[in-house]
Each structure stands twice: as structure tokens, then as C-alpha cells.
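The values are calculated or read from the model by the stated rules, or taken from the named source; none is laboratory data. All figures in this text were calculated on a predicted structure; none of them were measured in a lab. Using ideal geometry, Cβ is built from the backbone for each residue, glycine included, and neighbour counts are taken over all protein chains shown.
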Amino acid sequence: MADRINLLDLNRKSMAGFFADLGEKPFRATQILKWIHQAGVTDIDEMSNLSKALRLKLKDTVAIKTPEIKQEQISKDGTRKWLLDVGNGNRVETVYIPEENRGTLCVSSQVGCPLDCKFCSTGKQGFSKNLSVGEIIGQVMMANQQIGWNSNNGRQPVTNVVMMGMGEPMMNFENVVAAMDIMMEDFAYGLSRRRITLSTSGIVPMIDKLKEVSPVSLAISLHAPNDVIRDQIMPINKTYPLNTLLDACRRFTDVKESHNHITFEYVMLKGVNDSEENARELVKRLQGIPSKINLIPFNPFPDSGYLCSSRNAIERFKTVLIDAGLITVTRKTRGDDIDAACGQLAGDVISKAARHRKEISVKGSQGEAA
Ligand code: SAH
Ligand code: SF4
């Protein structure tokens, strides 16, 4: 059972390959994608347009496995957060943010995160594993099912996806790209590339790769106007410093018309990166890159050691950017009463170090018993 193929792991291309190997016609791939992702069917017996022989064959060889929901929380502002079991005690969180004309799903890509940004609760937890394609797209499937498709217009509640949950999506590149393919696939969720955003802390080679293989929108977690501040709060900056990162951003917006701007995220940390001088420096650094800027009020978590900038400081910072002609918005904090805001997602991360310690202690106690 363990090594069965999970059909949720397959995008259209790999699904077509899978059916070709079975000696089946390519249209089987689109039939199955529709059953799973549009009808939400996970029981092969219910797939009535497949022949009985094919259904039997599939039942012998595949699984359709979605992550199991362990907990749901609903905020007073309507934001919903789910805790999902992804095996071996690991749990990730997914957040749904309803707005008037859209529903945005914040999707996780890893259990924990190896990059250890100092202001991020996920980073503080260490890293356990990459999510599979099925565990990533399973979050979209689960959210649509939980909220229920809109009976007035037949539309799915998830209209936008942001890869801004737990983890660094660029460090789980292949799986994230395949899952985003399924999000855009007409026979699955049919979301336009503009409605899918991948957010990265700046893994430069992967920005170049993304540009080649996927048309989705890109957000960069910039958070600082210079290397001195960025080195302090984002260790990844030592590997890919600001100049290198911003050059990659220039290349990204250069190449294809579909990549016509980049969103820069900037977390507002009191006394760290929030002065008007920092704002002026940021303006200079972003020259020549078609940019939109999201200022994110810092969301606190226990022992973070940081405070959010005052409302006045955020306004002053924003005014400098707007006066320089940069499109700038301050992101509204949603779901803070259920710890669902940016950077607060925690889940349960059974880190490699913790697992190692557990294994040693189990071995130790076995030794004692023997
Ligand atoms: N790893 C990716 C995506 C996940 S984080 C990345 O870093 O881009 C999503 C966004 O939330 C990032 O911009 C991140 O920097 C920001 N963030 C992290 N911790 C935060 C906090 N405590 N308050 C506000 N934003 C935070
Ligand atoms: Fe990882 Fe993003 Fe958090 Fe940094 S901000 S630790 S890259 S999840």
C-alpha cells in the first residue's frame, strides 16, 4: 500500500505519462483530473465514465490520498485555518482569507523552514520535510471541499493562491511547480497565472528557473534596504546578497511579458528597518524594477524579540515610497485571533534534530531494557 502512486501527486503531464504506461488513451488523464479536482471524488468506484476493467486496474495500483484535517479554527473576521496531518507527527497549516470578491488560500510548501529568518515563527521551528505535490494541491482541494462550492455561481471558493504558508517554496521547487500546474490546469482548478503568487526569501538560482518554467506571479520577501539590516534578520542574505537578488528580479521582469512586475514584501519591525531613511534607500534600490510594495505589520509570536512599527512610522514609510511613485499598500492583518496572520503559522514540526534525539533515546532505553 505504501508505494502506491498517489494520483494527487500527478499534474496533467505526469498523469498522461502514467496512463500511457498503462496502455490507456491520453484523455483518461483529463477525466481523472476532473473527477479528483473538480468533482472532489476520491473513490475510484464513483468515476462512472471509466470502464470497469480500468477501475479495477486503478484500484490495484493507485491511491487518492488527501492530507487529513486535525483541527479547524475560524476567526471573528471569517478567516479559517486548518491544521493538516502530513505523516510522522508532522502538521502544516493552511489559511483561507475571504474577501468581497475573492477567496485567497495561503498554502504551505514545507514542514517548517530551514532558512531561520529571525522574525518568523515557522523559521524558529526548524525544518522537517518537503511536502509532496499531493500534500500541496491537497490543501486547495481540502479548502474547496470544506467551504463548499458556491451554489449561486458554481464557482470554487478559492479564487487566489499565495504560496506564503509554512516553508520556502523555492526549496521544494519541483513539487511546488507541479502543484501550481494543477492549480492553473483547466481540467482541475483553472486559476489564471495572475491569481497564483509564489513568495520567496530570495533563492536567486531558483528565481531564474521559475522564470523559465512557470508563468505565476512572484513576490520577494525583501524586508530591508541594505545588506547590513538584511544580514541581521535573514541569514539567506549572506548567500544571496541584495545586489544579486535585485539583479535576478530585473532579469525576471525582463524576459516575459507575463512577468510584468514583482511584489516586494517588507515586514515593519520597530527600530530595525522602518525609518524614513530606510524608505529612501529602498526607493533607490528598486529603481528600474517594475515593483509593487506590500508593507506587512509585524505579527508577534512568543519570544520573537521584535515589535511592530507604530502606525505613524508605517504611514511615514509608506508616504516616502508613494511620493517616489511606487505602488504601496499596507497589508491588512487577518485572522490574528487564531494566529493565522503572516509569519505566525506553526503547525507541528518534528525537526530532524528532534527525530534524531528521539531515535537515540529509544535506542538508549532499549539498551537499558536488554
Ligand atoms: N518562505 C517564503 C514564504 C512564506 S512566509 C518567504 O519568506 O517569502 C510569507 C511572508 O510572511 C513572507 O514575506 C515573510 O517574510 C512574512 N513573515 C514572516 N514572519 C512574519 C511575521 N512575524 N510578521 C509578518 N510577516 C511575516
Ligand atoms: Fe522560511 Fe519564509 Fe519564514 Fe524566512 S520568512 S523562515 S523563508 S518561511
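In a residue-by-residue description of region 120-128, the property of being of a type in the set (Val, Ile, Thr), in the same structural domain as Thr333 (by TED's automatic domain parsing) and at pLDDT below 95 applies to at least one position.
If you check Thr30, Thr42, which single one turns out to be of a type in the set (Ser, Thr, Tyr), in a helix (DSSP H, G or I) and in contact with a helix residue (DSSP H, G or I) (Cβ under 8 Å, 6 or more places away or on another chain)? So that I can check it myself, show each step before the final result.
Working: Thr42 fails: in a helix (DSSP H, G or I).
Going through Thr30, Thr42 in turn, the sole match is Thr30.
Within region 263-279, the set of residues being under 26 Å from Leu198 (Cβ atoms) and in contact with a Lys or Arg (Cβ under 6 Å, 6 or more places away or on another chain) comprises just one member, Thr263. Screening region 75-116 for residues that are over 19 Å from Thr159 (Cα atoms) and outside any loop (DSSP other than H, G, I, E, B) and picking the one that is farthest from ligand 2 (Cβ to nearest atom) gives Asp85. Of the residues that sit in region 117-133 and are buried (at least 23 other Cβ atoms within 10 Å of the Cβ) and closer than 18 Å to Ala179 by Cβ, which one is nearest to ligand 1 (Cβ to nearest atom)? By that ranking, first place goes to Leu131.
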